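J.: Sharing a structure with you now.
We did not get these values from a lab; they are worked out from the coordinates using the rules stated. In this text the structure is predicted, and so the values were computed from the model without any measurement. Positions of Cβ are generated from backbone atoms using ideal geometry, with glycine treated the same way; all protein chains shown enter the neighbour counts.
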Amino acid sequence: MGPNSCGAQSRLTVDDRSYGIHRLDRIAGSERLPYSLKVLLENLLRNEDGRRMSAEQAAAVAHWDPSAEHGHELAFTRPGC
């Protein structure tokens, strides 16, 4: 796992296996987001590198205001990009 500036990284143990996960409930404001933005937020947390994906971008998604003017664009990244 990469940087953890949002404090969302955690471990989930199932039987004898441990998995790295990113917990959205550790991001203030994420509970009110529509499902599609939760997917985007989780993607930002998984791909955080401090350069292309940052804590500031995650905070911007978490504080999304549906009535606000258009803001910054955010990249959706898949592994290997």
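J.: Express in % the proportion of alpha carbon pairs of segment 9-62 at distances exceeding 14 Å.
T.: On the way: 775 of 1431 pairs.
Value for segment 9-62: 54 percent of Cα pairs lie more than 14 Å apart.
J.: Take the Cβ-Cβ distance between Ser54 and Arg11 as r, set R0 to 25 Å, and report the resulting FRET efficiency rounded to the nearest 0.05.
T.: 0.60
J.: Under a point spin-label approximation (7 Å from Cα along Cα-to-Cβ), what is the Asp25-Leu37 distance to one decimal in nm?
T.: Between Asp25 and Leu37, the simple spin-label model gives 2.1 nm.
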